[in-house]
Every structure is written in structure tokens, then in C-alpha cells.
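A.B. asks: Questions regarding the structure given below will be posed in turn.
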Amino acid sequence: MKVTVHSLAAAIVAAGALCTASLPANAYRAFISNEKDNTVSVIDTHTWKVIETMKVGQRPRGILLAHGKEWLLICTSDDNRIEVYDAKTYAFIKNLPSGPDPELMVLHPSGNPLYVANEDDNLVTVVDVEEGKIVAKVPVGVEPEGMAVSPDGKTVINTSETTNMAHFIDTTTYETKANILVDNRPRVAQFTDDGKQLWVSAEIGGTVSIIDVAKKEVIHKITFEIPGITAEAIQPVGIAINKDATKAFVALGPANRVAVIDAATHTVEKYILVGQRVWNISFTPDEKYILTTNGVSNDVTVIDTGKLRGFKSIPVGRYPWGVTITDD
Amino acid sequence: MVRNRQQRHSGLRPWRHRLVAVVNGSLAVLAGLISICMPSVSHGVAQDAKVTTISIVYASQERERLAPLSLLDFRPPSEGYDGAKLAIEDNNTTGRFLNQSFAMGDMLSAKRDELIEKVVAAAKSGTSFFVVDATADTLVALSDALNGLPAVIFNAGAHDERLREEDCRANVKHTAASYAMLADAMTQYLTWKQWTRLVLVSGPQPEDKLFAEALKRSAKRFGLKLLAEQEFVYEAGSRRADGGFEQVQKQIPTFTQEFPEHDVLLVSDVANQFGDYFPFRTWKPRAIAGTHGLYPTAWHPASELWGATQFQNRFQRLAGRVMKPVDYAAWMAVRSIGEAATRTNSGDPKVLIDYMLSPKFELAAFKGQKLTYRPWNAQLRQPIFVATPKIHVTVSPQPGFLHQVSVLDTLGLDEPETKCKAFR
């Protein structure tokens with residue numbers, strides 16, 4: 001299996017070199033957090049080259065843009081804080097308090113506050129990004145991990161890895177309104193743009209649960225089967241759903257593939273080969289590409305969402321973890 | 001025992017508690033409140049909802065053990081039990097959302113016959129789940145004594161192959177790894193390293209012999225060459241004799257001098273009586289592996305792989321010490337019961353036991369993949385660390401060892417080889 005991955009990766013690189021010239025000029029910048037290197041790689045999505053490597057705090061993982069997308073926020077887990085950088089100049093701006101061991105975070109649709117999962121304390125910490133203050137701490141299940149906010153901003157979701165649930169938390173009262181059982185070790189939660197569905201990946205369970213947000217129940221479970229790959233190696237983590245909710249992409253961890261799913265029928269249409277141990281994925285704002293972080297092969301795969309295939313591998317730092325992309 | 005209760009179980013907190021939102025500025029005061037109100041989330045659960053209570057007993061056999069060579073290797077008195085206790089807490093965090101409560105009393109600790117008597121009495125009065133740390137003989141006797149009762153034993157402490165093979169019982173599940181699984185994890189790594197020339201030193205204790213046999217079988221299975229074998233004879237119980245190192249540092253080179261040229265010297269000293277004498281004292285500078293030096297283990301107290309950091313921290317907070325393999329096996333046993341109860345929404349022992357052996361069952365246990373029970377002998381499949389005392393070196397199965405069902409079945413005896421008939 002290894003051999004196949006290598007040779008295919010080489011093929012992808014070769015194919016990438018041929019395709020680059022014909023790409024449209026969509027120069028976004030993608031930020032990749034490198035967990036082991038304490039750096040963030042900045043990729044130009046026109047040239048597909050790393051144009052900057054930012055030195056940041058220890059064990060950078062969760063990463064997103066805030067403050068009108070002018071700020072880059074990074075969970076530096078081993079420093080127990082969130083670092084804020086200028087997304088254009090890459091200059092350090094400030095630290096935000098985060099509670100211990102911040103891993104994943106999500107921003108309220110209004111731009112503030114920020115909800116942070118504190119894995120070691122069974123808490124979700126609510127942080128005012130502008131003031132740099134902790135607003136609230138909400139107790140949740142064992143090992144909180146995935147975070148999502150509903151598009152209307154009324155509900156924040158937290159998944160707990162050992163309790164195996166998605167907790168629905170009211171963003172005004174911080175009361176938990178529902179706890180929905182999913183499969184083992186839920187990692188990432190993602191709303192559809194209309195807010196009607198919540199998709200939750202279960203890394204050990206090997207499934208993605210689709211929750212009807214109004215009914216608060218699981219309406220479908222997506223399972224994956226790849227010839228030649230054992231069931232244990234299929235470990236769904238990152239989820240990206242396009243804006244009109246027709247297509248979804250799910251990163252499958254050590255299966256080294258991203259599944260393409262018809263978001264209406266929930267059927268898996270294709271598996272795209274990417275780098276090794278793919279965890280987090282993100283669309284470019286025009287939805288023409290998906291970038292994946294491949295933690296074991298230390299690279300980012302670029303998927304062409306039209307042709308549904310990987311066309312470029314970009315070497316980044318060690319253990320690439322999170323990805324976020326500017327919209328200009 | 002499984003029963004329904006009209007009111008909340010004493011171990012649970014009121015269902016209708018509010019989640020506490022801590023307002024800026026009063027964090028310190030309210031930090032305490034959070035811990036009090038933590039298990040407080042509800043969803044459509046009425047105050048008087050029926051709570052199903054699932055009782056679990058942890059039973060440990062008192063036995064004479066030789067004092068280990070190193071002071072660092074003495075067993076904590078609550079070894080194993082603390083792991084089960086952590087799993088009870090973990091089960092209850094999920095359970096409170098589902099009206100399920102898990103309860104475990106004090107550790108049941110006694111000598112063989114008394115232990116069997118007490119476990120049978122508990123089973124007769126309604127307890128169905130027993131996590132047991134005992135010798136192979138005791139386990140077999142206990143499982144036979146429980147025959148006919150709706151009870152299941154989780155073997156958390158015995159690695160003996162025969163419990164999974166000719167002496168397997170339908171009412172016993174094994175969360176402890178077998179000697180064959182441990183040996184295969186080790187030799188797969190030696191194969192990967194291409195350290196193929198081996199010599200073996202084993203101790204005189206019965207368990208030393210069992211692990212030595214497993215190493216030999218495994219070496220043969222993966223094509224390594226066992227070139228020589230020696231027994232290490234010692235007088236047990238003299239570990240505190242003062243000034244022993246002068247003699248030991250002369251004795252071990254002499255003992256290893258006659259071995260043929262080898263890459264690795266394997267040591268089988270499960271009883272912890274002499275294995276630590278070998279690293280850095282051999283005639284030639286050679287790697288030591290087996291029970292000492294580089295060793296296979298189902299759990300490593302320093303593992304932070306696959307999100308284990310929080311798991312290790314939770315255990316440290318509960319037990320005030322690091323997690324041992326027996327604690328881990330006990331945790332997996334109690335979590336298996338919890339996972340089955342969660343997924344079946346039942347407290348009926350028969351439903352839970354059947355579910356655990358069904359293809360639907362899967363356990364997340366900080367090993368980077370789902371763990372399942374082998375249907376032919378109820379041994380929990382699991383990746384095994386190959387480690388030195390401070391940190392893991394690798395985790396087996398190694399890359400390239402393939403299997404048509406699960407790569408985890410490259411560790412230990414596989415279905416076509418099994419002598420177990422209890423599950424047919």
C-alpha cells in the first residue's frame with residue numbers, strides 16, 4: 001500500500017507541474033499550522049508555493065481568521081493561549097487567553113466571540129476577541145474537541161471525544177439544549193450553510209453522522225469502504241460542505257484519501273488519493289480547490305473540485321494540522 | 001446487578017441543573033461551582049426518569065509475589081482497580097445523558113478460594129460484570145464456578161495463552177494482551193529492524209517460561225533465528241543484599257560470553273528478578289529486549305499518542321500515580337461494558353455480552369483505531385507498544401505485516417490456529 005501511495009504522490013506532483021500554467025489567477029493565501037515545527041506556512045494559491053513561514057508559539061493547531069479577516073488566530077496548545085497575527089504583514093499583534101490546552105475554535109458569525117475547546121478541562125471557553133478577555137466557561141463532556149456555530153449564531157456545538165456526543169449549547173444562556181450520541185471519538189462538526197444539518201465525523205467509529213438540527217436527531221450515517229484499505233484505517237476527521245450543499249468532502253486520516261459525497265443523497269461518489277494522514281481540509285473561497293493537511297507526509301494536497309482529483313503536493317512544515325484561507 | 005430506580009442514583013447529580021456560565025471577573029469563585037455542576041446537562045430527561053444501574057465488581061487475587069529487583073517496580077496496592085474506577089467515571093459522564101448509571105464498590109481482594117466464593121455470591125445476588133486480576137488457574141476455576149449464572153469475567157491481569165486457547169471459556173473476555181500478542185509485537189519490530197540473530201535468557205519462574213515460549217514461537221513465525229538459549233538461575237529474595245553490583249557487573253559478562261554472535265539478547269523475566277541486570281553489562285555491546293531493555297506493553301505511562309494526554313492526566317488526578325497495563329486493561333473492560341450499554345441503550349447483561357461479541361462493537365481506547373473482540377476467543381485486539389521505560393519506541397503491528405481480516409490479527413494466535421472451542 002505504501003508503495004502505491006508514494007508512486008501516486010509522485011504522479012500527482014508531476015501532473016501538478018503540467019497543470020500549473022493553465023490555472024486562473026485566484027491568489028488567496030492559505031495558512032497551514034505545523035504542529036511539530038511551531039510554524040505556520042503561508043501558501044499562495046496562485047503559484048501554489050509557500051511564500052512565508054511564520055514562527056509561532058508551541059504546538060500550533062486550530063487556526064482561523066478573525067477581526068474582518070485581518071487577524072490570524074492560532075491555538076498554540078502547549079503555550080495555553082491563542083496567538084494573534086496580522087494576516088497581511090504576519091506581524092505579532094497580541095495573545096488571547098484561551099484556557100488550558102486549546103485545540104479547536106470557532107468564531108461567532110458576527111465576528112465575536114470566539115469559542116475554544118479545552119481538551120484537558122472538559123470546558124468550552126468563550127473569549128472576546130477584541131477585548132482579549134474570557135467571557136464565560138461552559139462545562140461539557142469528556143475531552144471536548146470539535147466546535148461549530150450555527151449560521152444564525154444561536155447555537156454552538158461541541159463534540160466530546162470520550163463521551164461520544166455532540167452537545168448543543170445556547171450561545172446566550174450557555175445552557176445545553178441537546179446531547180446527541182454519535183459514533184466513537186467525534187472530531188469535527190460542520191453545519192450546512194442553511195443551518196439545517198450538522199455533520200459530525202467520528203474518527204474511531206469511521207462514520208459521519210448527519211444530524212437534523214430542528215429534530216435534534218441523527219438522520220443518516222455515512223460509512224466508507226475502500227478496496228485494499230482496512231476498516232480500522234478509515235478515520236474521518238475534516239469535513240467541508242460547499243455553499244449550496246450539493247457536495248461534501250471528508251478527510252479520512254490514515255486511509256490517505258478524501259471522500260467525495262453527494263450531499264443530497266449522502267452517497268460516496270469517489271475517494272481522492274492525497275498525502276498521508278489527512279486531517280483537516282478547507283475550500284478556497286471560490287470553492288474551486290480544497291487544501292488538505294497531511295500530518296505524516298508533511299505536505300498539503302490541493303484537490304481540484306471540478307475534476308475531483310489531487311493535482312499538487314506542497315511540502316510544508318512538520319505535522320501540518322490546521323488550514324484556513326483568506327478571501328482576497 | 002441491573003435494576004431500575006425511580007429516583008436518581010446516589011452517584012448522580014440532579015438532572016435539571018443549569019450549566020453555569022461564568023461571567024468575566026468571577027472565574028475563581030465559580031471554578032468550584034463548575035466542578036459541582038459539571039454532570040448537569042439534560043435533554044428531555046424528566047426528574048423522575050428511571051435510571052438503569054449497572055454494577056461492576058473488581059476482584060483481585062491475593063498472592064505471594066517475589067519482591068521485584070528494583071524499588072521502582074513494586075506494585076501499587078490499587079493497581080488495576082484505579083483503572084476500573086476511571087472507566088466508571090468516564091461511563092457515567094455519558095451515562096447521565098442516557099439515564100444509565102455505573103457503580104463499583106470497593107476492590108474485592110482475597111486468596112483464591114475465598115475470592116471465588118465471594119464472586120459467586122455476588123453473581124448470585126445479581127451482579128453480572130466482574131473485572132478480575134488473578135492467576136490463570138484461579139480464572140479457570142472462577143469461570144467454571146460461574147457457569148450457568150448470567151455473569152461475565154473480564155480478564156485484566158493474566159497473559160497466559162491457555163486462557164485464550166484450550167482453557168478458554170465462553171464467560172471470559174480478555175482485555176489483557178496475551179503473551180503471544182506481546183511477543184509478536186516485539187519480534188515484528190526486530191524483523192523491521194532486521195535484527196534477526198537472537199539469543200534467549202529466561203528465568204526459572206513459570207511465567208518466565210511462558211513468555212520465553214511465546215518469544216520462541218514468535219521468532220519462528222517471523223523468520224528470526226534463535227541461536228542459543230540459557231536459563232538464568234538465581235536465589236530469590238536476596239535483592240537487598242548490600243553491594244551486589246560489584247559481583248553482578250562481573251557475573252553478566254561471563255554469563256553472556258559463550259553466546260554465538262547475535263544482534264539481540266532476549267530476556268524473559270516476567271517476575272522482575274534479574275532482567276535489569278542485563279542492559280549495559282553483557283560481554284559484547286548488544287541490545288537487550290523482551291521483558292527488559294526494549295519491551296512490549298499494552299500500555300505505556302508516557303504515551304501521548306492518539307489524544308492520550310488527557311486520559312493520562314485524568315488517571316493521574318484520580319490515582320496519584322502513572323497508569324500501568326493492568327489499569328489500562330481494567331479501564332478497557334469497564335469501558336467495554338459502558339460502550340455496549342450506550343449503544344444498545346440497555347442494562348441487560350445478556351444484551352450487553354452479545355453486543356460485545358457482535359461485529360457492531362467497537363472501543364476507542366487511545367490506540368488510534370477501533371478495538372474489537374476476537375469472535376473465536378473473546379480476546380480484545382489491540383496495537384501494542386514496544387518501548388523503553390521512559391518512552392515508546394514504536395507501536396506494532398509494524399508496516400508491511402498484513403492480514404486479510406485485521407492487521408491486529410498479526411499479533412497473537414489467529415483464528416485458523418486456535419484451540420478454543422467455547423465460542424463455536
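A.B. asks: Among the lysines, which fall within straight-line cross-link reach of residue B:50, defined as a Cα-Cα distance under 16 Å, with same-chain neighbours fewer than 8 residues apart omitted?
C.D. replies: By straight Cα distance, residue B:50 reaches no lysines at all.
A.B. asks: List nothing, just return the count: lysine pairs in the range A:203-328, 8 or more apart or interchain, with Cα separation under 16 Å.
C.D. replies: Counting lysine pairs in the range A:203-328 gives 8.
A.B. asks: DSSP loop (so not H, G, I, E, B), at most 12 other Cβ within 10 Å: list which trypsin sites (Lys or Arg not before Pro) in the range A:258-314 pass both filters.
C.D. replies: Within the range A:258-314, the qualifying trypsin sites (Lys or Arg not before Pro) (loop, at most 12 other Cβ atoms within 10 Å) are A:307.
A.B. asks: In degrees between 0 and 90, to the nearest 10, how far off the longest principal axis of chain B does helix B:325-344 point, with axes built from Cα atoms?
C.D. replies: Approximately 40 degrees, to the nearest ten.
A.B. asks: Scale the Cα Rg of the protein assembly as shown by the rule-of-thumb value 2.2 N^0.38 Å and send over the ratio, two decimals.
C.D. replies: Taking N as the residue count of the protein assembly as shown, the ratio is 1.00.
A.B. asks: Okay, next question. Can you tell me the equivalent ellipsoid semi-axes for the range B:199-295? Use √(5λ) from the Cα gyration tensor, largest first, whole Å.
C.D. replies: With the √(5λ) rule applied to the range B:199-295, the semi-axes are 22, 16, 10 Å.
A.B. asks: How many angstrom lie between the C-alpha centres of the range A:200-250 and the range B:109-129?
C.D. replies: About 44 Å separates the Cα centre of the range A:200-250 from the one of the range B:109-129.
A.B. asks: Separate question: Give the longest segment of chain A that steers clear of GluC sites (Glu not before Pro) in DSSP loops with at most 15 neighbouring Cβ atoms within 10 Å, not counting the sites themselves.
C.D. replies: The longest such stretch corresponds to A:132-224.
A.B. asks: Rounding to the nearest 20 debye, state how big the charge dipole of the protein assembly as shown is about its Cα centre with +1 on each Lys and Arg Cβ and -1 on each Asp and Glu Cβ.
C.D. replies: So the magnitude is around 560 debye.
A.B. asks: Would you please calculate the Kirkwood hydrodynamic radius of chain B over all C-alpha pairs and express it in Å, rounded to one decimal?
C.D. replies: It is 23.0 Å.
A.B. asks: Mind putting a number on the dipole of the range A:98-181 about its Cα centre? Charges go on the C-beta only, +1 for Lys and Arg and -1 for Asp and Glu, and I need it in Debye to the nearest 20.
C.D. replies: Using Cβ point charges on Lys, Arg, Asp and Glu, the range A:98-181 gives about 320 debye.
A.B. asks: Another question, if that's okay. For the Cα atoms of chain B, what angle does the longest principal axis make with the long axis of helix B:136-145, in degrees from 0 to 90, nearest 10?
C.D. replies: 40 degrees
A.B. asks: Okay, next question. Relative to the longest principal axis of the C-alpha atoms of chain B, give the angle of the C-alpha long axis of helix B:27-37, reported between 0 and 90° and rounded to the nearest 10°.
C.D. replies: Helix B:27-37 and the main axis of chain B meet at about 90 degrees.
A.B. asks: Go through the range B:299-315 residue by residue and turn each phi into a ³J(HN,Hα) via Karplus (6.51, -1.76, 1.60, θ = phi - 60°); whole Hz please, and just put x for glycine and proline.
C.D. replies: 9, 10, x, 9, 5, 10, 6, 6, x, 6, 3, 5, 4, 4, 5, 4, 5
A.B. asks: Sort out for me the Cα centre separation of the range B:380-405 from the range A:296-328, rounded to whole Å.
C.D. replies: For the range B:380-405 versus the range A:296-328, the Cα centre distance is 29 Å.
A.B. asks: Taking loop as defined by DSSP and a crowding limit of 12 other beta carbons within 10 Å, which GluC sites (Glu not before Pro) in the range B:254-312 fit?
C.D. replies: Taking the range B:254-312 and a limit of 12 other Cβ atoms within 10 Å, the loop GluC sites (Glu not before Pro) found are B:258, B:261.
A.B. asks: Related question: Given the protein assembly as shown, what percent of its DSSP beta bridges are antiparallel, to the nearest 5?
C.D. replies: Of those bridges, close to 75 percent are antiparallel.
A.B. asks: Now for a separate question. Give the separation of the Cα centroids, the range A:81-148 to the range A:150-170, in Å.
C.D. replies: 15 Å
A.B. asks: Taking the convex hull of the Cα atoms, report for the range A:98-181 its projected area averaged over all directions, in nm².
C.D. replies: Projected over every direction and averaged, the Cα hull of the range A:98-181 covers 4.7 nm².
A.B. asks: So for A:219, B:153, fewest C-beta neighbours within 10 Å to most, what's the order?
C.D. replies: So the ranking, lowest neighbour count to highest, is A:219, B:153.
A.B. asks: Relative contact order of the range B:180-297, please, whole-number percent, based on alpha carbon pairs below 8 angstrom and at least 6 residues apart.
C.D. replies: 33 percent
A.B. asks: Got a sec to turn the phi values of the range A:258-266 into Karplus ³J(HN,Hα) couplings, 6.51 cos²θ - 1.76 cosθ + 1.60 with θ = phi - 60°, whole Hz, x for Gly and Pro?
C.D. replies: Result, ordered by residue: 10, 7, 9, 10, 6, 6, 7, 8, 6 Hz.
Values quoted throughout were computed directly from the atomic coordinates according to the rules given, and no laboratory measurement underlies them. Being a predicted model, the structure only gives us computed values, none of them experimental. Note: ideal-geometry Cβ built from the backbone for every residue, glycine included; neighbour counts use all protein chains shown.
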